[in-house]
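The values are calculated or read from the model by the stated rules, or taken from the named source; none is laboratory data. What you see is a predicted model; the values in this text were computed from it and never measured. When we count neighbours, we look across all protein chains shown, and the Cβ atoms used for this are built from the backbone with ideal geometry, even at glycine. Calculation scope for accessible area: heavy atoms of the full protein, side chains included, ligands and nucleic acids excluded. Shrake-Rupley method; radii C 1.70, N 1.55, O 1.52, S 1.80 Å.
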Amino acid sequence: MRLHELCILGSIALCLLVAACSKSSPTKPTSTAAPAEADAVTGSVTVPQAVSPAANAQIRNVDQPVTLVVANAVATKGTNAYDFEVSTDTGFATKVATKTGVAEGAGGRTTITLDRLTPNADYYWHARAQAGGTAGPFTAGRKFSIGPAVTIDTPVPIGPLSGAQTSARPAFRVRNATRQGPAGPITYKFDIATASTFNPILVTATVAEGVNETGFIPTSDLPINAPLFWRATAIDATNAVSSAPTTALNFTTSLAIDLSRVIQSYPAAPSGPQVAAWRQTATIQSVEQDGNPAADGIMCIAFTTSDNWPSTAFFGAEEVQVYANQWYFANIGGQWYGGPGEYLRVGRGFCKTGQGTNAIGPDGGWNTVMASWAPKVGELVGYMISTPARNWPGMRTIDERSDIVVQPWRDTSLGSKVAGAVRR
Amino acid sequence: MRSLLVLMSGAIVLSGVADAQTRTTAAPPSRAVEKGYVEGVAQSAFGNVTTQSYGVELGATVRPDLQVFAEFGKIKDVADTTFTGGASTIASALSRLQPAAVGFSARRPVIFVAGGVKYRPPTTLKVQPYVLGGFGFATVKNDVAFTLGGSETSAAALAQYVTFGSDLSGQSTKPLLTLGAGVTVPIWQTLLLDFQYRFGRIFADEQGITVNRAGVGFGVRF
């Protein structure tokens, strides 16, 4: 029996010996981010494939944030989650961005978007997958570079400045914006709106940068006598960088009159373009009028001249010397009509009567639409003084003129308020 | 298979009963008394795959109808579809990750050792039937190899493409249950043939491995 017992004991010892050696020993250690359950079988994971950015990609700073894309890895167990690392060195010792546990994307690709990276620097990125308790190998590090930052300062407005009165087509001008970094060609976007919020924008235009300053003149009239706002923004389209817009600058268009486009409404008078070419040697100081017949339809256009305007005989009457005409301009249906009105006699001041609301048109000897013109209270009417232009060129002298003043029509019989009496 | 396990377990229990009986009744006078045996075994193994197994079995007689035995052996491959499928998956991925043609082999050879009892019911026949049951341990090796461009590639070279988990690499030693039956045929003097069947169950992680072996042993009694 001793032999039998030895055999049994031997078998038991053999079993214990083998049991003591029982273990799981992969040929390669598996580095796992999450510790696998003891004795659990871990899966095998391949490397994902770096897709984007391409190796050595040059990325404009404006194109940040950078998106990293990998083709999904393959795992024998579980579902992949991905780790992305971005570093400033090839050894990934100085990581500037790390995203772990990124869920696998659909369509065979997994994508992450990085936070903005410091511009003008080189970076390296790699990624790996984890699944089934195993972290796969990292992709080879790929380099990409972020270009330098481009900044553009706000351009400085030159004009029209806030509160300015302008013509219907003012020139909007800014001093060219200063910039930092390798900026591309700069353009300037001018916005004009009826509200400081620039919503809606009435007119917008983008123009190339000029020398030292850049300007824009609208190609059509802006709304007249309306409060308007403008601003300008410098734009680097190459780098998709814009400056902040200038502050909103308010201005008001007056009903500016372009003489060259005025339809002359008096039969025997110089045309608009002809008058436009006359030297402007006088300046209107004031226009005071009242269309109230009870006030005689008084019209006083005070002016000064830098030249000596000669007089001429009124239709050959030497005793009646005239040296100037008042001009009136009416905006009818969006078109300026105008012509010379009353003569001014030497030594008789600058006021004329008979220019009542309902008389100025019919009594003016106008043709076309101006003959029936009866200005409404508040309607903007233009005024000018010139050397004799009525019955021109018969009574022609030196063909000079004043500027044009536009102001609302007044008629105290229709409710206009006039501060004091009209100065005569 | 479950019924087979029940039958085997029953046989072992019966052997205990028979053992009790032999303590009260004398063994047949014609029965030859042997101290033990040793034999080499060659088997066909089938289960997940059909392959070969070989080993050595030895035993010692405790009583005329009861022996203790130990066996050592190697089964060439017990890879299942999960294992080969995993290797195939990695091979497919490798073909996308690098330009060379990819080949692979995936085997799970097993080295095992087990011990137990063998019951040999009394018989008047010249041949001796038996049933046996035992426990032991099996070391299962995950033997996966890949070729790139026709050349076998080292694990270090593959490391840039794949990290292998314990599903496709390494080895593990796990408990083994073995049940079996057979018949011993004396052929000349002390030489014998052992026509045998063995059922084995390796209690591997997550998914156990079943392997059946059927073959013949050639040995000697002493």
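Taking into account only those residues within region A:55-81 that are assigned to a strand (DSSP E or B) and in contact with a Pro (Cβ under 7 Å, 6 or more places away or on another chain), which is farthest from A:A237 (Cα to Cα)? Steps first, please.
We begin by selecting, within region A:55-81, every residue assigned to a strand (DSSP E or B); these are A:57-59, A:67-71, A:75, A:81.
Still in the running and in contact with a Pro (Cβ under 7 Å, 6 or more places away or on another chain): A:59, A:70-71.
Numbers: A:I59: 15, A:V70: 30, A:A71: 33 Å.
So, considering only residues that are assigned to a strand (DSSP E or B) and in contact with a Pro (Cβ under 7 Å, 6 or more places away or on another chain), the one farthest from A:A237 (Cα to Cα) is A:A71.
Any residue in region B:81-95 that is more than 21 Å from B:I202 (Cα to Cα) and under 21 Å from the mean Cα position of the chain (by Cα)? Within region B:81-95, none of the residues are more than 21 Å from B:I202 (Cα to Cα) and under 21 Å from the mean Cα position of the chain (by Cα).
Across region A:166-188, which residue is nearest to the chain's Cα centre (by Cα) among those that are under 26 Å from A:T151 (Cβ atoms) and open to solvent by 60 Å² or more (accessible area, probe 1.4 Å)?
Quick first cut of region A:166-188, residues under 26 Å from A:T151 (Cβ atoms) only: A:172-188.
Now narrow it down to the ones that are open to solvent by 60 Å² or more (accessible area, probe 1.4 Å): A:173, A:175, A:178-180, A:182, A:185.
Working: A:R173: 13, A:R175: 15, A:T178: 17, A:R179: 18, A:Q180: 21, A:P182: 22, A:P185: 17 Å.
In this case the residue turns out to be A:R173.
Selection of strands (runs of 3 or more DSSP E) fully inside region A:247-342 by the criterion of at least 3 residues being within 30 Å of A:I158 (Cα to Cα) returns A:249-253, A:279-289.
Yes or no: B:G85 surrounded by fewer than 24 Cβ atoms within 10 Å (Cβ to Cβ), assigned to a strand (DSSP E or B) and on the phi < 0 side of the Ramachandran plot? Answer is no for this residue. A Cβ distance below 8 Å, combined with a sequence gap of six or more or placement on separate chains, defines the contacts here; from region A:124-145, residues that are away from chain B (no Cβ under 14 Å) and free of Cβ contacts under 8 Å to residues at least 60 places away in the same chain reach residues that are assigned to a loop (DSSP other than H, G, I, E, B) and of a type in the set (F, W, Y) in the pairs A:Y124/A:F92. Is it the case that B:T25 is modelled with pLDDT under 90, open to solvent by 10 Å² or more (accessible area, probe 1.4 Å) and over 12 Å from the mean Cα position of the chain (by Cα)? Here the answer is yes, as B:T25 does meet what is asked. Of all residues in region A:216-244, those being surrounded by fewer than 16 Cβ atoms within 10 Å (Cβ to Cβ), under 30 Å from A:T151 (Cβ atoms) and touching a strand residue (DSSP E or B) at 6+ places or on another chain (Cβ under 8 Å) number 3.
For region A:340-358, check the following and say yes or no: at least one residue is within 45 Å of the chain's Cα centre (by Cα) and at pLDDT below 90.
The answer is no; no qualifying residue exists.
For region A:342-363, a tally of residues being free of Cβ contacts under 8 Å to residues at least 40 places away in the same chain and either open to solvent by less than 10 Å² (accessible area, probe 1.4 Å) or in contact with a Phe, Trp or Tyr (Cβ under 6 Å, 6 or more places away or on another chain) (or both) returns 2. Of the residues making up region A:125-132, none is at pLDDT 95 or above and surrounded by fewer than 17 Cβ atoms within 10 Å (Cβ to Cβ).
Within region A:82-96, the set of residues being without any contact (Cβ under 8 Å) to a residue 24 or more places away in the chain and not in a loop (DSSP other than H, G, I, E, B) comprises just one member, A:K95. Only residues that are in contact (Cβ under 8 Å) with a residue 60 or more places away in the chain and open to solvent by 30 Å² or more (accessible area, probe 1.4 Å) were counted in region A:313-341, giving 6. Evaluated against (1) away from chain A (no Cβ under 14 Å); (2) modelled with pLDDT of 95 or more, B:T190 falls short on exactly one condition, (2).
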